[in-house]
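Visitor: Attaching a single structure in C-alpha cells format; questions to follow.
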Amino acid sequence: IGINDVWRQFDTPWQREWHVPQDEYAATLGELVAQTRPRLKGMVLLTPYMVEPNRADPMRAAMERYDAVVRDLADQHDAVFVDTQAAFDTVLAHMHPMALAWDRIHPTQVGHMVLARALLDALGYAW
C-alpha cells in the first residue's frame, strides 16, 4: 500500500482518478490501522519504497513523504515499523538499482530478499 499511490501520479499524470494524494493516503491508512489494531496482538507497518538512490528524483521525494505517514502511524498505534526505503538505500550504496527492481518498483529476487531481511530485522530475528 502506497507504492502505486505515488507511482500513478508520475506514470499516468493525466488520469487523476487513479491518484491517491498524500492527505487521502494518510486518512485511509490511518482509518484502516485504527480499525484493525485493537483486534490484533501486534501490527507491522512497512513503508512504501522506491529503488532509486537519487533522493532528488521527484518520485523518490514523493515516496519519502508517504513513508513519513507510515512512520507516524506506527508510532501512534504501537506498531512494528519497517523502513523498507532505508533497507534499499543501504543496498543501493553497493548495487545498481536494476539489480533490485527493473522498474524501480517491482523487486527482483534480490529485492525481495532486501524486503524480507528488513521485516525480519524489525521483528528482532537473530541472524
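The values are calculated or read from the model by the stated rules, or taken from the named source; none is laboratory data. The model shown is predicted, which means the values in this text are computed figures rather than measured ones. Glycine also receives a Cβ, built like all others from the backbone with ideal geometry; neighbour counts cover every protein chain displayed. To get the accessible areas, we keep the full protein, side chains included, count just its heavy atoms, and leave off ligands, DNA and RNA. Shrake-Rupley method; radii C 1.70, N 1.55, O 1.52, S 1.80 Å.
Visitor: For residue 37 and residue 11, calculate 0.36 nm times their separation in residues minus their Cα-Cα distance, and state this gained length in nm to one decimal. Provide the component values of the computation, followed by the final result.
Guide: Numbers: separation 26, 0.36 × 26 = 9.36 nm, distance 3.30 nm.
Difference between extended and current length: 6.1 nm.
Visitor: Given a 1.4 angstrom probe, what's the average accessible area per residue across the chain, in square angstrom? Can you show the working numbers first?
Guide: Numbers: 7530 Å² over 127 residues.
Heavy-atom SASA per residue in the chain reads 59 Å².
Visitor: Next question, about the same structure. Residue 56 to residue 76: FRET efficiency via 1/(1 + (r/R0)^6), r the Cβ-Cβ distance, R0 35 Å, to the nearest 0.05? Numbers along the way, then the final one.
Guide: On the way: r = 30 Å, r/R0 = 0.84.
Efficiency at R0 = 35 Å is approximately 0.75.
Visitor: If each DSSP helix of 4+ residues adds -39,500 (n - 2.57) and the sum is divided by the residues in the chain, what number results at 222 nm, nearest 500 deg cm²/dmol?
Guide: Numbers: 5 runs with 66 residues, N = 127.
Only helices count here, giving -16500 deg cm²/dmol.
Visitor: Note down, for the chain, the three equivalent ellipsoid semi-axes (square root of 5 times each alpha carbon gyration tensor eigenvalue), biggest first, whole angstrom.
Guide: Values: eigenvalues 106, 93, 23 Å².
Square roots of five times the eigenvalues give 23, 22, 11 Å.
Visitor: Residue 95 to residue 68: extension gain in nm, 0.36 nm per residue of separation minus the Cα-Cα distance?
Guide: Numbers: separation 27, 0.36 × 27 = 9.72 nm, distance 2.51 nm.
This chain segment gains 7.2 nm when fully extended.
Visitor: Let me ask another. Can you give the extra length, in nm with one decimal, that the chain gains between residue 44 and residue 117 once fully stretched, where that is 0.36 nm per residue apart less the Cα-Cα distance? If you can, show how the numbers build up before the last one.
Guide: On the way: separation 73, 0.36 × 73 = 26.28 nm, distance 1.40 nm.
The span from residue 44 to residue 117 would gain 24.9 nm if fully extended.
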